[in-house]
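The values are calculated or read from the model by the stated rules, or taken from the named source; none is laboratory data. Since we're looking at a predicted model, the values are computed, not measured. So basically every Cβ, Gly included, is an ideal-geometry build from the backbone, and we count neighbours across all protein chains shown. All accessible areas refer to the heavy atoms of the entire protein, side chains included, with ligands and DNA or RNA removed. Shrake-Rupley method; radii C 1.70, N 1.55, O 1.52, S 1.80 Å.
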Amino acid sequence: DVDLDLDPITAPDRSAPPSNAQMAAAGLRAFARIAAHWGLTADEQRRLLGEPPRSTFFAWRKAPDKAALSRDTLERLSLVLGIYKALQILLPDSGAADAWVKKPNAAFGGSSALAQMLAGNVGDLLRVRRWLDAARGGGWS
């Protein structure tokens, strides 16, 4: 009789919320893809993220798993991801959805949504997100 003394295989605990580090890494990877779709410059990307120092920004790009992001930066990432998702729902043609951010829009005083987002405050990102949510019929969540 052989006693292998094997521990049962257990699945990872999915009930625990993701850590800030996990959210930061995933958010930064998604942000890089969105920035490429929207054709953003490095300076525009930094502005959307709250203007971290250039060296910090490029360190995040190189090693997102090691990025320690502030709550403000995490909120900015969340808003950009939500804006991107809303556009993909509203404009199923991904080219049109990606181009929309740079087109003039009466809702933003004739400026583009990107110009509104680049104004620098979290509230500017939130304004675009709320406008898209309302356009989707989601109200002002």
What do you reckon, is R127 of a type in the set (K, R), within 13 Å of the chain's Cα centre (by Cα) and either crowded, with 16+ Cβ neighbours inside 10 Å or in a loop (DSSP other than H, G, I, E, B) (or both)? no
Just to check your reading of the model, which residue among A59, A21, A42, A26 is modelled with pLDDT of 80 or more, open to solvent by less than 100 Å² (accessible area, probe 1.4 Å) and under 22 Å from K85 (Cβ atoms)? A26
Would you tally the residues in the stretch 73-126 being touching a residue at least 24 places away in the same chain (Cβ under 8 Å) and of a type in the set (D, E, K, R)? 4
Failed item, numbered, when L77 is tested on (1) within 13 Å of M117 (Cα to Cα); (2) open to solvent by 80 Å² or more (accessible area, probe 1.4 Å): (2)
Does the stretch 88-108 include one or more residues that are under 17 Å from the mean Cα position of the chain (by Cα), open to solvent by less than 60 Å² (accessible area, probe 1.4 Å), farther than 15 Å from R129 by Cβ and charged (D, E, K, R)? yes
